[in-house]
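Asker: There's a structure below that I have some questions on.
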Number of protein chains: 2
Amino acid sequence: MTSDSRADAMGELEERLAQLEAERDERLNDLKRVAADFENYRKRVARDQESLVARAHERLVKELLPVLDDLERALQAAAEHEEAKLADGVQLVYRELRDALSREGLAEVEADGKFDPHVHEALLSQPSEQEDGSVIEVLQKGYQLGDRVLRPARVVVSQGE
Amino acid sequence: MTSDSRADAMGELEERLAQLEAERDERLNDLKRVAADFENYRKRVARDQESLVARAHERLVKELLPVLDDLERALQAAAEHEEAKLADGVQLVYRELRDALSREGLAEVEADGKFDPHVHEALLSQPSEQEDGSVIEVLQKGYQLGDRVLRPARVVVSQGE
């Protein structure tokens, strides 16, 4: 290698070195930026989750205000011994509450077939004309919210004849 | 510079170059890792938020099941014309619903002082013995959940004498 070509090679190496240093620093800056974005996102998520739960609650609680109003009216009717008005009021309140909860996804557990331990709780079993292992009476309704069973239906199960 | 010292210098430069390349690649790997963590976190958050809202709802809906049960019992009493039982049932349902909602943070808007446009809505104003601008009657109760007014109290305001 001549002295000149060596100097050229060194010049190239130094140039490449400076370029690599710049690349490394750039990656480091990218890393810092992404890490900072991540951290901010985490903080925002924590805040959002609180307000998300609060808003979700707010909506449901707000839907229940008319139920509370109509219950107060029914109580008023009871105090004034207006029995027909009271009975109508209770009907209305029941429909309102049931509708508000079914809009939230609440559904009654079905209980007109075979006993299913996932959604039923057997409180009694009795001899009966119905098929062995079928539900013959519901003592307390069960409810599910989407796929989740909030409360199993409490039932009487047939032992067969 | 001697030929030997030039060779040494080139050797050092090459070593430094290899080191920088390794550093740059390491930073790049860090960056990819953090970016991947960030992406996974985003996905998890989206899933969590759904289940968070679902769980929050589930708790409140579950608290309302006994209210629904007792309403059904009250309806049964109404159907059987057991008026005293019906009136008691409505009392019970009212207390249960009010208590469940107050555990969620629901509170009645106060309405026994000066008219406050943040929590009251004036439906009427009337001459009255009470001080000008004070609330003299509540036509519909208002409710707030924590700091948020879900519904202003609808009131009659005094115009003074």
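The values are calculated or read from the model by the stated rules, or taken from the named source; none is laboratory data. Computed from a prediction, not measured in an experiment: that's the story for all the values here. Here Cβ is always computed from backbone atoms with ideal geometry, including for glycine, and neighbour counts include all displayed protein chains. Quick note on the areas: whole protein, heavy atoms, side chains included, nothing else; ligands and nucleic acids left out. Shrake-Rupley method; radii C 1.70, N 1.55, O 1.52, S 1.80 Å.
Asker: In vacuo Debye scattering of segment A:53-107, one point per C-alpha: log10 I(q)/I(0) at q = 0.14, 0.17, 0.20, 0.25 Å⁻¹?
Answerer: Reported log10 I(q)/I(0), two decimals: -0.43, -0.57, -0.70, -0.90.
Asker: Still on this model: How high is the FRET efficiency between B:A18 and A:R47 when r is their beta carbon distance and R₀ equals 51 Å, given to the nearest 0.05?
Answerer: Values: r = 46 Å, r/R0 = 0.91.
FRET efficiency, B:A18 to A:R47: 0.65.
Asker: Hey, for B:R73 with labels 7 Å out along Cα-Cβ, what do the inter-copy distances come to in nm, ordered shortest first?
Answerer: In nanometres, ordered from closest: 2.5.
Asker: Quick one: of B:K43/B:K141; A:K85/B:K62; B:K85/B:K114; A:K62/A:K141; B:K62/B:K141; A:K114/B:K43, which pairs are farther than 32 Å apart, Cα to Cα?
Answerer: Where the Cα-Cα span goes over 32 Å, the pairs concerned are B:K43/B:K141; B:K85/B:K114; A:K114/B:K43.
Asker: With +1 assigned to the C-beta of every Lys and Arg and -1 to the C-beta of every Asp and Glu, and no other charges, what is the dipole magnitude of the protein assembly as shown about the Cα centre in debye, to the nearest 20? Working shown, then result.
Answerer: Working: 46 positive and 74 negative charges, 39 e Å.
Magnitude of the dipole: close to 180 debye.
Asker: What percentage of the solvent-accessible surface of chain B, computed with a 1.4 Å probe over protein heavy atoms, is contributed by carbon and sulfur atoms? Write out the running numbers ahead of the final one.
Answerer: On the way: 4530 of 9610 Å².
Summing carbon and sulfur atoms, their accessible area is 47 percent of the total for chain B.
Asker: Could you give the accessible area per residue of chain A, probe 1.4 Å, as a whole number in Å²? If you can, show how the numbers build up before the last one.
Answerer: Values: 9640 Å² over 161 residues.
About 60 Å² of surface per residue is accessible.
Asker: If you count, for every residue in A:20-29, the Cβ atoms of partner chains within 10 Å of its Cβ, what is the mean? All intermediate terms of the calculation are to be shown ahead of the outcome.
Answerer: On the way: counts 9, 5, 2, 7, 10, 3, 3, 9, 7, 2.
Neighbouring Cβ atoms belonging to other protein chains average 6 per residue here.
Asker: Something else: Using each residue's phi in segment A:80-91, evaluate 6.51 cos²θ - 1.76 cosθ + 1.60 at θ = phi - 60° and report the 3J(HN,Hα) Karplus result to the nearest Hz, with x for Gly and Pro.
Answerer: These are the phi-based 3J(HN,Hα) values: 8, 6, 8, 5, 5, 5, 4, 4, 4, x, 5, 4 Hz.
Asker: Right, here's the next one. How long are the three semi-axes of the equivalent ellipsoid for the protein assembly as shown, computed from the Cα gyration tensor as the root of 5 times each eigenvalue, in whole Å, largest first? Write out the running numbers ahead of the final one.
Answerer: On the way: eigenvalues 999, 258, 17 Å².
The three semi-axes for the protein assembly as shown are 71, 36, 9 Å.
Asker: For n ≥ 4 DSSP H runs only, could you compute -39500 (n - 2.57) per run for chain B, divide by its residues and tell me the 222 nm figure to the nearest 500? List each step's numbers first, then the result.
Answerer: Working: 2 runs with 98 residues, N = 161.
Mean residue ellipticity at 222 nm (helix-derived): -23000 deg cm²/dmol.
Asker: Residues of segment A:3-27 with amide nitrogen under 17 Å from the 7 Å Cα-to-Cβ point of B:E26?
Answerer: Only A:20-27 fall inside the zone, counting backbone N under 17 Å.
Asker: How far is A:K62 from itself in the other copies, in nm, if each label sits 7 Å out from Cα along the Cα-Cβ line, shortest first?
Answerer: Computed spacing set for this position: 2.6 nm.
Asker: Here is a follow-up. For peptide A:70-78, what's the mean number of Cβ atoms from other chains within 10 Å of each residue's Cβ?
Answerer: On the way: counts 0, 10, 4, 0, 8, 5, 0, 2, 9.
Shielding by partners across A:70-78 averages 4.
Asker: Averaged across the residues of A:57-69, what count of C-beta atoms belonging to other chains lies within 10 Å of each residue's C-beta? Display every interim value, and only then the final one.
Answerer: On the way: counts 10, 7, 2, 7, 9, 6, 0, 10, 8, 1, 7, 8, 4.
Counting other chains' Cβ atoms within 10 Å and averaging over A:57-69 gives 6.
Asker: Going by the alpha-carbon gyration tensor, a ≥ b ≥ c the square roots of its eigenvalues, is chain B rounded (a/c under 1.5) or, if a/c is not under 1.5, prolate (a/b greater than b/c) versus oblate? All intermediate terms of the calculation are to be shown ahead of the outcome.
Answerer: On the way: a/c = 8.66, a/b = 2.42, b/c = 3.58.
Because a/c hits 1.5 or more and a/b fails to exceed b/c, chain B counts as oblate.
Asker: While we're looking at this one, here's another question. Rounded to the nearest 100 Å², what's the accessible area chains B and A bury against each other, both chains counted, probe 1.4 Å?
Answerer: Details: alone 12870 and 12920 Å², together 19250 Å².
Chains B and A together bury approximately 6500 Å².
Asker: Follow-up. Roughly how many nanometres apart are two label points built 7 Å out from the Cα toward the Cβ at A:V149 and A:T2?
Answerer: For A:V149 paired with A:T2, the spin-label model returns 9.1 nm.
Asker: Cut-off 10 angstrom, C-alpha nodes, Gaussian network model of chain A. Which of A:E26, A:E129, A:E108 fluctuates the most?
Answerer: Evaluated over chain A, the most mobile residue of the options is A:E26.
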